[in-house]
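Working notes, structure below.
The values are calculated or read from the model by the stated rules, or taken from the named source; none is laboratory data. Small disclaimer: the values here were computed from a predicted structure and weren't measured. Note: ideal-geometry Cβ built from the backbone for every residue, glycine included; neighbour counts use all protein chains shown. What goes into the accessible areas is simple: the full protein's heavy atoms, side chains included, and nothing from ligands, DNA or RNA. Shrake-Rupley method; radii C 1.70, N 1.55, O 1.52, S 1.80 Å.
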Protein chains: 2
Amino acid sequence: MAEEVILLDYWPSPFGTRARIVLAEKGISYIHKFEDLPNKSPLLLKMNPVHQKVPVLVHKDKPVCESDTIIQYIDEVWNQSIPLLPSEPHQRYMARFLVDFINKKVYESSIKVWMGATEEQENGKKELVEWCKLLEAELGNKLYFGGDVFGFVDIALVPFYNWFIVFKKFANFNLETECPKLVMWGNRCLNRDSVSKSLPTSEQVYQAYLEFKRGW
Amino acid sequence: MAEEVILLDYWPSPFGTRARIVLAEKGISYIHKFEDLPNKSPLLLKMNPVHQKVPVLVHKDKPVCESDTIIQYIDEVWNQSIPLLPSEPHQRYMARFLVDFINKKVYESSIKVWMGATEEQENGKKELVEWCKLLEAELGNKLYFGGDVFGFVDIALVPFYNWFIVFKKFANFNLETECPKLVMWGNRCLNRDSVSKSLPTSEQVYQAYLEFKRGW
């Protein structure tokens, strides 16, 4: 059984970015394989036949699919460092709830900003401000969502925060007035090595958007 | 701080059913409040302002929303009995993956059978058979998805199995030839007190479908 860790990834994917960040946070060496999404590799189709999506972590020849599940799996297997999820049950619940909220609401509104015609894009921006205010209220005066330690919710959200920076350029989307604490949180995250080395550049994100529009 | 447990619920909901089953499995006493979905209660709107959906568990005055998260929360707080999730990380991952698969694929195809016109309903049935075959392959010769012990995946799936029984009546949907082991698993689950007492009747499910069609 191969002990090696493989990450099947697509560089601009916010979900792939989550996997990269958690692997970097835990100091795990891995083989990084990039997918050409219109021509998915046989390994991807074998490892994730149901959804056929990146990211997929392959560990001991077995697949782990879906980015939030990848984070929890890595946290449970490489458990020598500070856990990424809180230990208190209601705080654990809140972390899971917020990641689910990001997966659904933040993702869906972001797609409207990426893909929508003018009116839909404006609606997406309004929704995003609303979601970011909710997230900022949840963050409060803490350094990170879990307190003093960078964790599950931070890893799930920061790839979208990186999208927001790109939205500033082409959709006039600005959080600085509405959500100053969330912007400070975002900058704090961007200063971490595990994050800065894992994020795609604005150009990579924008190119992915163009590919997305072409319909893969 | 109130130690009491409240479940905000809607009797025919498969997601509410999951919460009822896990509460019964753990032997937890609770106050059961039923929602009139077109006129949601102030407590529901206060406890789940983002999604405004049932089920919501209220414990120590704090909300726990989303049925799969409720199951994990209850398992972590009332942790004296056999855990509902396996302890081995890849098995834990598989349980989470399958529940996510049920939430997305099984739910979406089931809605096609409920709501679709003839062609869409036929597509929904075909998809459901495909998903059930995948689930049956995952079940293998085990008693339950986690092995000998009724657990997370069983709780998540059995409310949909109850839907399949209703589909048999009005949509000529039959799993007995295609997935005999899954049918045996379903009957095994239905024989558990925690399940049989928590499931809505066929009539309740059908009435919910009619309400659903009216557009809440």
- Query: So which pairs qualify, if the first residue must be in the stretch B:168-194 and of a type in the set (S, T, N, Q) and assigned to a helix (DSSP H, G or I), the second must be at pLDDT 95 or above and surrounded by 14 or more Cβ atoms within 10 Å (Cβ to Cβ), the Cβ gap must be under 7 Å, and the two must be at least 6 apart or on different chains?
  - Reply: B:Ser194/B:Ile21; B:Ser194/B:Ala24; B:Ser194/B:Glu25
- Is there a residue in the stretch A:138-151 that is touching a Phe, Trp or Tyr at 6+ places or on another chain (Cβ under 8 Å), surrounded by fewer than 21 Cβ atoms within 10 Å (Cβ to Cβ) and within 14 Å of chain B (Cβ to nearest Cβ)? yes
- Item | Considering residues of the stretch B:98-116 that are closer than 11 Å to B:Trp131 by Cα and open to solvent by less than 10 Å² (accessible area, probe 1.4 Å) only, the residue farthest from the other protein chains (Cβ to nearest Cβ) | B:Ser110
- Message: For the stretch B:61-97, which positions are within 19 Å of the chain's Cα centre (by Cα), open to solvent by 40 Å² or more (accessible area, probe 1.4 Å) and more than 7 Å from every other protein chain (Cβ to nearest Cβ)?
- Response: B:Pro83, B:Met94
- Task: Output the number of the condition that A:His51 fails; it satisfies all remaining conditions of (1) under 23 Å from A:Glu211 (Cα atoms); (2) open to solvent by less than 10 Å² (accessible area, probe 1.4 Å); (3) within 14 Å of chain B (Cβ to nearest Cβ).
- Result: (2)
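Could you please let me know if B:Lys125 is in a helix (DSSP H, G or I), open to solvent by 50 Å² or more (accessible area, probe 1.4 Å) and in the same structural domain as B:Cys189 (by the TED database)? Steps first, please.
Values: in a helix (DSSP H, G or I): yes; open to solvent by 50 Å² or more (accessible area, probe 1.4 Å): no; in the same structural domain as B:Cys189 (by the TED database): yes.
Spelling it out, it is not the case that B:Lys125 is in a helix (DSSP H, G or I), open to solvent by 50 Å² or more (accessible area, probe 1.4 Å) and in the same structural domain as B:Cys189 (by the TED database).
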- Selected residue [more than 18 Å from A:Asp193 (Cβ to Cβ) and either within 18 Å of the chain's Cα centre (by Cα) or in a helix (DSSP H, G or I) (or both)] from A:Leu23, A:Leu7, A:Leu45: A:Leu45
- Message: Given the criterion of a type in the set (Val, Ile, Thr) and closer than 18 Å to A:Leu199 by Cβ, identify the matching residue among A:Val64, A:Val106, A:Val58, A:Val77.
- Response: A:Val106
